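The values are calculated or read from the model by the stated rules, or taken from the named source; none is laboratory data. Predicted, not measured: the structure shown is a model, and the values here were computed from it. Cβ: placed from backbone, ideal geometry, glycine included. Neighbour counts: every protein chain shown.
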Amino acid sequence: MLGYERPLREFFLQIISTADNTMPLADPNCEPESLEYYRKVLRDHGITVPDSLFHEIEKESQRFAIDPVVEHFTNGCQRVIVARLPSRDRGK
């Protein structure tokens, strides 16, 4: 799961492996303000993610709205799981 945490003003990444039950360890070199950092982490783990995901998350980081949950596919298609809802702080 890759997204933007509005209250912290940081991007986040959570990789869940179904192959084992290990918990992810904190990365002391984490750069939560950089999407490029997470692009590298995904690449280092051999995970291919569509560019549309990074593009949409970058846009979401600049909006005053509750983030939607969207599934991005390697063929460029997207599926909205939870729609975007207006935020109470819109316009502030």
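Figure legend. Inter-residue proximity from the stretch 1-18: first residues without any contact (Cβ under 8 Å) to a residue 24 or more places away in the chain, second residues assigned to a loop (DSSP other than H, G, I, E, B) and surrounded by 12 or more Cβ atoms within 10 Å (Cβ to Cβ), beta-carbon distance below 6 Å, spacing 6+ or different chains. Indicated pairs: 10/32.
Of everything in the stretch 43-62 that is surrounded by 12 or more Cβ atoms within 10 Å (Cβ to Cβ) and not hydrophobic (A, V, I, L, M, F, W, C), the residue that is farthest from residue 77 (Cα to Cα) is 61.
Taking the chain as the region of interest, none of the strands (runs of 3 or more DSSP E) fully inside it holds 1 or more residues being modelled with pLDDT of 85 or more, polar (S, T, N, Q) and touching a Gly at 6+ places or on another chain (Cβ under 9 Å). If a residue must be within 14 Å of residue 6 (Cβ to Cβ) and either over 10 Å from the mean Cα position of the chain (by Cα) or not charged (D, E, K, R) (or both), how many such residues does the stretch 47-63 contain? Total satisfying the criteria: 5.
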